[in-house]
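Report on the structure given below.
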Amino acid sequence: MKKKYSIFSLIKNAFSYHENWGKAWKDPVPKKEYEAVIVGGGGHGLATAYYLAKKHNMRNIAVVEKGWIGGGNTGRNTTIIRSNYLWDASAGLYDHALKIWEGLSQELNYNVMFSQRGVMNLAHNLQDVRDLKRRTHANRLNGIDAVYLNTDEVKKFCPIINTSPDIRYPVLGGTLQRRAGTARHDAVAWGYARGADAMGVDIIQNCEVKGIKRNGDNIEGIETTKGFIKTKKIGVVAAGHSSVIADMAGLKLPLESKPLQALVSEPVKPVIDTVVMSNAVHAYVSQSDKGELVIGAGTDDYVSYSQKGSHDIVEGTLNAILELYPIFSRMRMLRQWGGIVDICPDASPIISKTSIKGLYFNCGWGTGGFKATPGSGDLFAHTIANDEPHKLNAAFNINRFISGDLVDEHGAAAVAH
Amino acid sequence: MFVINCPYCGEREQSEFKAGGEAHIVRPKQPTELSDDEWAEYLFMRKNIKGLQFERWVHTHGCRKWFNVARDTSNDIIKAVYKMGEKPPSK
């Protein structure tokens, strides 16, 4: 059993200058065989392993990660958490995640710094206004908190927004989800890793999957850079690289992987105490606890695994940011980066069994997977353990692209994709 | 960010173009005969290759013509540009 983090352990370790904290997770050599192997050590993969061990008592399992845990999209997103999605299936999925977020720090005994500072989505034209009002009503029918704000209320909630009517994309109103907010992205991965490790899960870093061994329609194991691992169940949570892993098993997925960029500014004193998203102009901004503005941009429209996007995308986003927040005009940007997001044609995720027995995919989260991390892990673990989806992720099966029963969140999810 | 050599206009910034996705997906000759699986394959399933990919681009802010590009998606280096209807280069 791991030592519990508490005020007492903090004081105790202060006496040794915080140099003797125990390791939060082991660094094991892979065993010959596991009951299940999770491919991808990001937040979703680690959460999947955690819930497999905790709720389904599958403890002889491993997470294999080609780099270091949380080093992919988990460490590259803008940490926004919300559940104000239009369709019932999405509302169920994302609000399930939000409810877990609300107790996650206590459950993991790890401070994920979940901050319910509210997320505001802006409307810039009449269609936006109608769409956002419709979504507010849909949210409330699904038991999700949502209010529509007029321009004055937007200004009151976030005074630094320029609500002048003569800007290129004037603010005509917005929606507010008060339960929404942000969390510390790395801490989510680390907290789940520590929790899973404590229950016996092997977290194997620097271990890249090179092949999937099949015997007919059954899984026999995976070929990795650390040797062959025998297993009957593989859960793939590889985000932008999902298609690459699928190809190893001879599967094709309805995904395209594209760069999504974000950037942070130099740290400043508190200036914005909420998250403001503007779908029409692709500008998302919040302020980290360190004081940096965290700014999200849109995706490039071409397939790329290069983890870098085009400059004109960032330029467009910063134009919008400056028009909406003239106060930021002299801020300097410190870092800019790209992550590779796997986007489904309907902009909804896939949490599903496949045509190959024992092979499961959790992918297609596109530009907004971070918010779903706990819920995604919980539901994917359920799907793997029972070989059947949970009712909350039944609609997110891979066969919806054949049946046509899509969950079309394109533009409906408060964010244009 | 990269430069694309439009077969009609020459080298231009990528931001002048729009990506049209995977190339050489053949439009079904008899759509009424297609099964749901075949429709899914045609409409949604993509190779999404990490490495050399054949794809369509259109010079939106230029000649507005469509053409094909062979590009390494792992580093965005363009290997070849060829016109619509032509076969991808063999090397």
key: Of all residues making up segment A:193-211, the number that are in a loop (DSSP other than H, G, I, E, B), within 13 Å of A:Lys66 (Cβ to Cβ) and among the hydrophobic types (A, V, I, L, M, F, W, C)   = 1
query = Among the residues of segment B:44-91, how many are of a type in the set (Phe, Trp, Tyr), closer than 22 Å to A:Gly240 by Cα and open to solvent by less than 10 Å² (accessible area, probe 1.4 Å)?
reply = 1
key: Flag if A:Ala62 is open to solvent by less than 10 Å² (accessible area, probe 1.4 Å) and under 15 Å from A:Val237 (Cβ atoms)   = yes
key: Entirely in segment A:298-417, the helices (runs of 4 or more DSSP H) that have 3 or more residues that are more than 14 Å from chain B (Cβ to nearest Cβ)   = A:311-324, A:373-386
ask   = Can A:Gly92 be described as modelled with pLDDT of 95 or more, farther than 17 Å from A:Gly181 by Cα and part of a loop (DSSP other than H, G, I, E, B)?
value = no
query = Can A:Asp88 be described as out of contact with any Pro (no Cβ under 9 Å at 6 or more places or on another chain), among the acidic types (Asp, Glu) and within 20 Å of A:Asn393 (Cα to Cα)?
reply = yes
ask   = Quick one: A:Ala280 ticks every box in (1) touching a Pro at 6+ places or on another chain (Cβ under 6 Å); (2) open to solvent by 10 Å² or more (accessible area, probe 1.4 Å); (3) more than 14 Å from chain B (Cβ to nearest Cβ) bar one, so which box is it?
value = (1)
query = Does segment A:252-265 contain at least one residue that is out of contact with any strand residue (DSSP E or B) (no Cβ under 6 Å at 6 or more places or on another chain) and more than 11 Å from every other protein chain (Cβ to nearest Cβ)?
reply = no
key: Number of the condition not met by A:Gly235 [criteria: (1) open to solvent by 10 Å² or more (accessible area, probe 1.4 Å); (2) closer than 19 Å to A:Ala53 by Cβ; (3) in contact with a helix residue (DSSP H, G or I) (Cβ under 6 Å, 6 or more places away or on another chain); (4) outside any helix (DSSP H, G or I)]   = (1)
query = Which one is nearest to the other protein chains (Cβ to nearest Cβ), of the residues in segment A:192-232 that are closer than 21 Å to A:Thr383 by Cα and in contact with a helix residue (DSSP H, G or I) (Cβ under 6 Å, 6 or more places away or on another chain)?
reply = A:Ile212
note = Of the residues in segment A:71-81, those that are touching a residue at least 60 places away in the same chain (Cβ under 8 Å) and open to solvent by 10 Å² or more (accessible area, probe 1.4 Å) come to A:Gly72, A:Asn73, A:Thr74, A:Gly75, A:Arg76, A:Asn77, A:Thr78, A:Thr79, A:Ile80
ask   = In chain B, which strands (runs of 3 or more DSSP E) lie fully inside it and hold 1 or more residues that are more than 24 Å from A:Gly309 (Cα to Cα), more than 9 Å from chain A (Cβ to nearest Cβ) and touching a residue at least 12 places away in the same chain (Cβ under 8 Å)?
value = B:77-83
query = Counting only residues that are outside any helix (DSSP H, G or I) and open to solvent by 20 Å² or more (accessible area, probe 1.4 Å), how many does segment A:95-113 have?
reply = 4
task = Hey, can you tell me all the residues within segment A:184-200 that are over 13 Å from the mean Cα position of the chain (by Cα) and charged (D, E, K, R)?
result = A:Arg194, A:Asp197
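The values are calculated or read from the model by the stated rules, or taken from the named source; none is laboratory data. Remember, it's a predicted structure, so these values are computed and weren't measured experimentally. Virtual Cβ from ideal backbone geometry, glycine too; neighbours counted across all protein chains shown. All accessible areas refer to the heavy atoms of the entire protein, side chains included, with ligands and DNA or RNA removed. Shrake-Rupley method; radii C 1.70, N 1.55, O 1.52, S 1.80 Å.
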